1. Give the accessible surface of region 1-119 per residue, rounded to a whole number of Å², with probe radius 1.4 Å and ligands, DNA and RNA excluded.
2. Pop out the ³J(HN,Hα) list for region 101-110 in order, Karplus 6.51 cos²θ - 1.76 cosθ + 1.60 with θ = phi - 60°, rounded to Hz; leave Gly and Pro as x.
3. Summing +1 for each Lys or Arg and -1 for each Asp or Glu, what net charge is found among the other residues whose Cβ lies under 13 Å from the Cβ of V118?
4. Lys and Arg at +1, Asp and Glu at -1: add these up for the other residues within a Cβ distance under 12 Å of E50 and post the number.
5. When only Cα pairs under 8 Å and 6 or more residues apart are kept, what is the percent relative contact order across region 1-73?
Amino acid sequence: MQTSATLVGDGADIGKARHLAAAFLARIQAEHGLPVSQRAMDLTQLVVSELVTNARKYAPGPVLLDLKITDGTVEIIVRDSDPVLPIARAADAGRVGQHGLEIVMAVAQGFEARREPVGKRITARLALADDPGGANAGRRPL
């Protein structure tokens, strides 16, 4: 189960991406009976928003967004034309802005950034169901 979109750089890209993510998760829940917690819905939209915002800010050209369901997780893949891999900055409570990658890495169960023949690919993985024991907290490599 997956969906994809090409975002072309207009001012509505981030909203479109968030809407696509919410609609995709609602559809897989309704049509396939997969559990999707409200937390997963909210975090997926947050991660999509942060990754698409970064791609729009730093890379010229279109942004490709793919959403896939794999083993009880939603995989969020954002591709852009800039080959420079993002680096999370050191925590700084006084810094205004530029916390997006830190946020994504804090909430994702898996995170990967890699160069591709043209640009880069950022992948974040989030659990669809809540884990009451908290075992899903923190980032693990994909």
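The values are calculated or read from the model by the stated rules, or taken from the named source; none is laboratory data. All values reported here derive from a predicted model rather than from experimental measurement. Cβ atoms come from the backbone with ideal geometry, glycine included; neighbour counts cover every protein chain shown. These area figures cover heavy atoms from the full protein model, side chains too; ligands, DNA and RNA do not enter into them. Shrake-Rupley method; radii C 1.70, N 1.55, O 1.52, S 1.80 Å.
1. In whole numbers, region 1-119 has 52 Å² accessible per residue.
2. With coefficients 6.51, -1.76 and 1.60, one gets 5, 4, 5, 4, 5, 6, 9, 7, 7, x Hz.
3. Charge balance in the 13 Å sphere: +2.
4. Around E50, the charge tally is +2.
5. 55
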